[in-house]
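What follows is a single structure, written as structure tokens, with notes after it.
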Amino acid sequence: MREANTREIRGFVIHPAHLDKAAQTALMEDVAAIWRAAPPVRQMTRWGKPMSVAMSAAGALGWTTDGRGYRYEPKQHDGRPWPPMPRRLEELWRQVTGLDATPDSCLINLYRDTARMGLHQDKDEADFGWPVVSISLGDAALFRIGGARRSDATESLWLHSGDVVVMGGPARLAFHGIDRIRPNSSDLVPGGGRVNLTLRMAGAAV
């Protein structure tokens, strides 16, 4: 059952303030523990340019980019496995999707200062029938929503700490991105900035 204030925009189901302050703080503690085992890294794109967003992951698979392209890998660049998926993230997945299956990947993006994420599709997973669940912590971010083609018209909304977005069905392969963050709009993230966690069923795309 959806919460009373849930919105839907082009198939993106938005749960504003789904996590209260206590839940946000607890989840940020989980993220800090993950970072101790897998520090966020600004990866290089296939074109040899560093991303403005620093990335980490938890679960069986993490996402990576290099000269070979974009893909999921079971290990970090140093050969260590990714930290285990926090139980509270598995519970949150079930709450907002109604699915019993457990996601095998949680990508963790850290946005500081002028970091952004250009319009893109999430299409490195093995099966697009599964949704992607996005969780916002820390500074507010301007989220841009597009369509199935990069050239489609877009619309934007501000995501705030504690907001949760579910991308499934017609929204699963829609273009989307983060234009900018609003610095110092939250004190949740140590050192400032925004943390975005995306829960995924990455499957066998290794």
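Take the range 21-40 and flag every residue that is of a type outside the set (A, V, I, L, M, F, W, C) and free of Cβ contacts under 8 Å to residues at least 12 places away in the same chain.
Step one: list which residues in the range 21-40 are of a type outside the set (A, V, I, L, M, F, W, C), which gives 21, 24-25, 29-30, 36, 39-40.
Residues satisfying the conditions are Glu29, Arg36.
Using beta carbons and a limit of 7 Å, which pairs, at least six apart or on different chains, have the first residue in the range 172-192 and surrounded by 19 or more Cβ atoms within 10 Å (Cβ to Cβ) and the second one basic (Lys, Arg)?
Partner pairs satisfying both residue conditions: Ala174/Arg10; Phe175/Arg150; His176/Arg144; Ile178/Arg116; Ile181/Arg194.
Matching residues to (1) hydrophobic (A, V, I, L, M, F, W, C); (2) within 15 Å of the chain's Cα centre (by Cα); (3) in a strand (DSSP E or B):
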site	(1), (2), (3)
Tyr70	no, no, yes
Gln95	no, no, no
Asp100	no, no, no
Leu110	yes, yes, yes
Asp113	no, no, no
Phe128	yes, no, no
Ser134	no, yes, yes
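Can you tell me which residue within the range 40-68, out of those that are in contact with an Asp or Glu (Cβ under 8 Å, 6 or more places away or on another chain) and part of a strand (DSSP E or B), is surrounded by the fewest Cβ atoms within 10 Å (Cβ to Cβ)? Talk me through it step by step, then tell me what you get.
Filtering the range 40-68 down to residues in contact with an Asp or Glu (Cβ under 8 Å, 6 or more places away or on another chain) leaves 43-44, 46, 59-64.
Those left that are additionally part of a strand (DSSP E or B): 44, 59, 62-64.
Numbers: Met44: 14, Gly59: 25, Gly62: 24, Trp63: 22, Thr64: 20.
The extreme case among them is Met44.
Filter the range 102-131 down to the residues that are farther than 20 Å from Pro83 by Cβ and touching a helix residue (DSSP H, G or I) at 6+ places or on another chain (Cβ under 9 Å), then identify the one that is surrounded by the fewest Cβ atoms within 10 Å (Cβ to Cβ).
Of everything passing the filter in the range 102-131, Trp130 is surrounded by the fewest Cβ atoms within 10 Å (Cβ to Cβ).
Got a sec? Which of Ser105, Ser161, Ser136 is more than 22 Å from Ile9 (Cβ to Cβ), at pLDDT 95 or above and among the polar types (S, T, N, Q)? Full working, then the answer.
On the way: Ser161 fails: more than 22 Å from Ile9 (Cβ to Cβ); Ser136 fails: more than 22 Å from Ile9 (Cβ to Cβ).
Result: Ser105 is the single residue among Ser105, Ser161, Ser136 that is more than 22 Å from Ile9 (Cβ to Cβ), at pLDDT 95 or above and among the polar types (S, T, N, Q).
Output the number of the condition that Asp100 fails; it satisfies all remaining conditions of (1) more than 20 Å from Val165 (Cα to Cα); (2) among the charged types (D, E, K, R); (3) out of contact with any strand residue (DSSP E or B) (no Cβ under 6 Å at 6 or more places or on another chain).
Status for Asp100: all satisfied but (1).
The values are calculated or read from the model by the stated rules, or taken from the named source; none is laboratory data. Model, not experiment: these values are computed from the prediction. When we count neighbours, we look across all protein chains shown, and the Cβ atoms used for this are built from the backbone with ideal geometry, even at glycine.
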